[in-house]
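The values are calculated or read from the model by the stated rules, or taken from the named source; none is laboratory data. All figures in this text were calculated on a predicted structure; none of them were measured in a lab. When we count neighbours, we look across all protein chains shown, and the Cβ atoms used for this are built from the backbone with ideal geometry, even at glycine. Accessible surface is based on the protein model in full, side chains and every heavy atom, while ligands, DNA and RNA are left aside. Shrake-Rupley method; radii C 1.70, N 1.55, O 1.52, S 1.80 Å.
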Amino acid sequence: VIVEVKTRKSNSLVEPEASVTKMKQRNLIAAANFYLKVTNSQKEARFDIIGITYLKSDFSVNHIIDAFYPLIRSR
């Protein structure tokens, strides 16, 4: 499982999960592919996002399982 963790103050205009852009997803997918290749792993990667919103001592956690998938390009 590859996990991207984002935090924001609760008075932020954007939820933390929304800041995982397509570019960030591509970078995470590339890093996972490299890791799996280097370690000679036959396993598949799952991409989760954990968003943490806080204000002082109050916080909430949102765990999105299978938040995005690598695109499969056809030839």
Could you check region 39-75 and list, in sequence order, the residues that are out of contact with any strand residue (DSSP E or B) (no Cβ under 9 Å at 6 or more places or on another chain), of a type outside the set (G, A, S) and open to solvent by less than 100 Å² (accessible area, probe 1.4 Å)? T39
Can you name every residue in region 17-68 that is without any contact (Cβ under 8 Å) to a residue 40 or more places away in the chain, assigned to a loop (DSSP other than H, G, I, E, B) and within 10 Å of the chain's Cα centre (by Cα)? T21
Looking only at region 10-26, which residues are among the hydroxyl-bearing types (S, T, Y) and surrounded by 11 or more Cβ atoms within 10 Å (Cβ to Cβ)? S10, S12, S19
I'd like to know if region 27-34 contains one or more residues that are aliphatic (A, V, I, L, M), surrounded by 14 or more Cβ atoms within 10 Å (Cβ to Cβ) and closer than 13 Å to I64 by Cβ. no
